[in-house]
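Only one structure is covered here, and it is reproduced in the block below.
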């Protein structure tokens, strides 16, 4: 089959690899119909998260049709022919954490748990196509994927709804929603969201669903800010103002937003000397993460407010304003999304027509163009917001 | 990590820095606990010897009196009864103790253990259950005349607030001489606690999830030459990139 493989920093390539096989009784094999490039894949593309290996298959946002199931998968849970969206987190469903619905903290799905434990103390769940530290599972930017614990994660999708509307249930829609849930929004709240990529876009809409009065979205690309405005947000282009924190103060009568969301993560950009210093430190591996947005979130948040972090961080970040965090009595909520809590309710919202997630798609391409699309997406060329790949289309059809 | 190449690295394996740093108090405490738990004269002797051995034995260079001691614990989302019964079925231990080839019943409470040594060196010992209480604990030791002198215990305790069962296991081996000694060192010598923890995590996975998560046998694109060479040299070694996290990845990976 065709698969997008990580061949080194800035090197993606579409390779012919063997088809996946059932390896465990609770596995299923999915023939993939749609698969996406996620903003978090760019951290791997840029070589910033350790424990990738040349030849690793990328991708964690995919859907398709079940073509084979393992011996322990009950037909009432999942059977051949089912159309499914596969969540990016892998969960066994039976450990303490799964039973607490902390699915992304599953104890039994990461075979390389001990690498993550070295770095983080304890290991989160396995993830598709996202480093060996997170399990080393082959990802879904391919024609087929093996899905472990297939009786827990995959969400069955009725026929008749196009892929474009539901494929983002695999990650970014629930992740944006989870980011908004983590803001602890009360009716009338003001929420500031840094990052107007796909997760930020879904977070904006989710914040309104959860009762926010105002959402203020922050980015530097006008086409993304326009999309945020279409979602009902007020916007700040941080390159056009002197100081984002002061601007937020001015917009909120010197109170500050009730919640601040970092939907950017470890590769944040900025336009101040601190940003330059972080770039240097990251380049020399003195810190893994550039927490420019996280710092601003903590500074800008109102006293007693909540900082929500759906943006991906991988290791260590410097100069976090802990004094502000402590003295203002802030709360921080974060985590890889506990996918299974949100997929079904959000599917219902899509079915009822409350939201059509396909609005974020800017590019539909055949899988062969994945290497080029990684570059386009990373460099924000061609108004790129979200790339959906068709694993079966040929390059000439594009 | 190059002990594939020759036997001469045995001393470096045994004198592994991390092990040396953590061994004294673990060994002393564990041996004392194990000795006391046996409630016998030999047990008391073992307990008393624990401290002395912990201090002296590990300061010395390798010798035939060295011991490998492993200790680990894990929280299982099941009752002590279920955990005990699954564990007590010794013939099934190789399902999650990947370094074991087989466990065979050879007597009333006696079992023959065969471990997979490196380059075809089998490690075999006969052991008997010296004491056990249903759903609570099992302790065992090797039979006199066995090729290997070993002992261990496993405890099953109810965790608070219905959180399942806390399993605690201790195993120690005398370090035999010669080729067998090398084989034992290869299996358990680097990071005995890590080998133990891997076993217990797999037991947990089997009990809770019904299977052990794996990526062995999944497809991938072309690996680098360096990666292939390293994999050939040591199939269990993770393949590090030249990132600062390579420090983390230097951590030895022995699942045997």
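Values quoted throughout were computed directly from the atomic coordinates according to the rules given, and no laboratory measurement underlies them. All values derive from a computational prediction rather than experimental measurement. Positions of Cβ are generated from backbone atoms using ideal geometry, with glycine treated the same way; all protein chains shown enter the neighbour counts.
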(Q) For chain A, compute the orientation-averaged projected area of the C-alpha convex hull (one quarter of its surface), in nm². (A) 18.4
Q. At 222 nm, what helix-only mean residue ellipticity would chain A give, in deg cm²/dmol to the nearest 500, using -39500 (n - 2.57) for each DSSP H run of four or more?
A. -7000 deg cm²/dmol
Q) What does the average come to when, for each residue of peptide A:128-140, you count the partner chain Cβ atoms lying within 10 Å of its Cβ? A) 2
**Q.** Cα-based helix-to-principal-axis angle, A:172-181 vs chain A, degrees rounded to 10
**A.** 40
Q) Just the Cα atoms of region B:101-143: what Rg and Dmax do they give in Å? A) 12.2, 38
Q | Sorted by Cβ density within 10 Å, fewest first, the residues A:120, A:332 | A | A:120, A:332
Q: Once every Cα of region A:260-398 carries one equal point scatterer and solvent is ignored, give the base-10 log of I(q)/I(0) from the Debye formula at q = 0.17, 0.19 Å⁻¹, two decimals.
A: -1.12, -1.18
Q. Where does region A:176-334 land on the Kirkwood hydrodynamic radius, alpha-carbon pairs, in angstrom?
A. 15.3
Q) So what's the projected area for region A:237-306, the Cα convex hull averaged over all directions, in nm²? A) 4.9
Q: In square nanometres and to one decimal, what's the mean projected area of the convex hull around the Cα atoms of region A:25-156?
A: 7.8
Q) How many times 2.2 N^0.38 Å is the alpha carbon radius of gyration of region A:127-242? A) 1.27
Q: Can you put B:125, A:392 in order of Cβ neighbours within 10 angstrom, beginning with the fewest?
A: A:392, B:125
Q. Which whole number gives the average, over all residues in A:39-50, of C-beta atoms from other chains lying within 10 Å of the residue C-beta?
A. 1
Q: For region B:62-112, just list the percent of Cα-Cα distances falling in each 5 Å bin from zero outward, please.
A: 4, 14, 17, 21, 19, 15, 6, 3, 1
Q) Among A:78, A:102, which comes first, second and so on when ranked by fewest other beta-carbon atoms within 10 Å? A) A:102, A:78
Q) Counting partner chain Cβ atoms within 10 Å of every residue's Cβ in A:91-98, what's the average? A) 5
